[in-house]
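The values are calculated or read from the model by the stated rules, or taken from the named source; none is laboratory data. Just so you know, these numbers come straight off a predicted model, no measurement behind them. Positions of Cβ are backbone-derived with ideal geometry, glycine not excepted, and every protein chain shown enters the neighbour counts. We work out accessible area using only protein heavy atoms, side chains counted, and drop any ligands, DNA or RNA first. Shrake-Rupley method; radii C 1.70, N 1.55, O 1.52, S 1.80 Å.
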Amino acid sequence: MKKGIFIVLEGPDRSGKSTQAALLKTWLEELGHEVLVTREPGGTYLSEKIRKILLDPKSNIEPMTELFLYETSRIKHTLEKIMPALKAGKVIISDRYTLSTTAYQGYGRGLPLTTVETLNRIATMDLKPDVTIVFDIPDKVFAQRELTRPGRDRIEREPDSFRRRVNRAYKLLARRPGITRIDAGRPVETIQKDIRARVSKLLKK
Ligand SMILES: Nc1ncnc2c1ncn2[C@@H]1O[C@H](COP(=O)(O)OP(=O)(O)O)[C@@H](O)[C@H]1O
Ligand SMILES: [Mg+2]
């Protein structure tokens, strides 16, 4: 069924994912590809509603509930948006996907990784990205970006210890086989050059 290309950008908040997604989209469109930029949680009517619940500071959500909400949002996103776009031959750029759940709900909240990864598989119906690019951001750079952090949602309001666990998790996950690690502490253009080089390989296939 698959004709398109599925690219996932991963990494902590404020590591530069959205910035790079926009630049990648422009370049791919110049090359003549049809591009869909999407995000998690979100991407469909129902998934965006779940996103609101998840990010609302007034929501009181325990870790397992949080996990299921993310996965529910993911099922709809995968079925309604990603799979049809792939079938239509588009290039999909998703700002976050399953690795975020492993980092935040697994390493961050401390839920068993086997549970998280089983649900990831179920929610994606085993669809795998063609590439997952993890933005690895040096602690020093991260601390500077934290200072300019805008309006804080429920996840951003978590204590520093939570964010540190998530950042450490991404550093670990970036070394998994099949993952592309990007040093996200460099200038925007340099990072974009590396991402384009990686994506070029997929386009040639
Ligand atoms: N390579 C970079 N160097 C310096 N600042 C950056 C870089 N990439 C992004 N930024 C800035 O950092 C902030 C977070 O970037 P953003 O793309 O929104 O991250 P994310 O989508 O991962 O949360 C923004 O203010 C953005 O302009
Ligand atoms: Mg973003």
### Task
State yes or no: is Gly32 at positive phi, among the small types (Gly, Ala, Ser) and more than 11 Å from ligand 2 (Cβ to nearest atom)?
yes
### Query
Taking region 1-29 only, how many residues are open to solvent by 20 Å² or more (accessible area, probe 1.4 Å) and either away from ligand 2 (no atom under 12 Å from the Cβ) or in contact with a His (Cβ under 7 Å, 6 or more places away or on another chain) (or both)?
9
### Query
Is it true that some residue in region 51-59 is under 23 Å from Gly108 (Cα atoms), buried (at least 19 other Cβ atoms within 10 Å of the Cβ) and either more than 16 Å from ligand 1 (Cβ to nearest atom) or of a type in the set (Val, Ile, Thr) (or both)?
no
### Message
Suppose we keep only residues that are surrounded by fewer than 17 Cβ atoms within 10 Å (Cβ to Cβ) and of a type in the set (A, V, I, L, M) within region 180-205. Which one would you say is farthest from ligand 2 (Cβ to nearest atom)?
### Response
Leu203
### Query
Quick check: is even one residue across region 71-92 under 30 Å from Gln144 (Cβ atoms) and either surrounded by 23 or more Cβ atoms within 10 Å (Cβ to Cβ) or away from ligand 1 (no atom under 16 Å from the Cβ) (or both)?
no
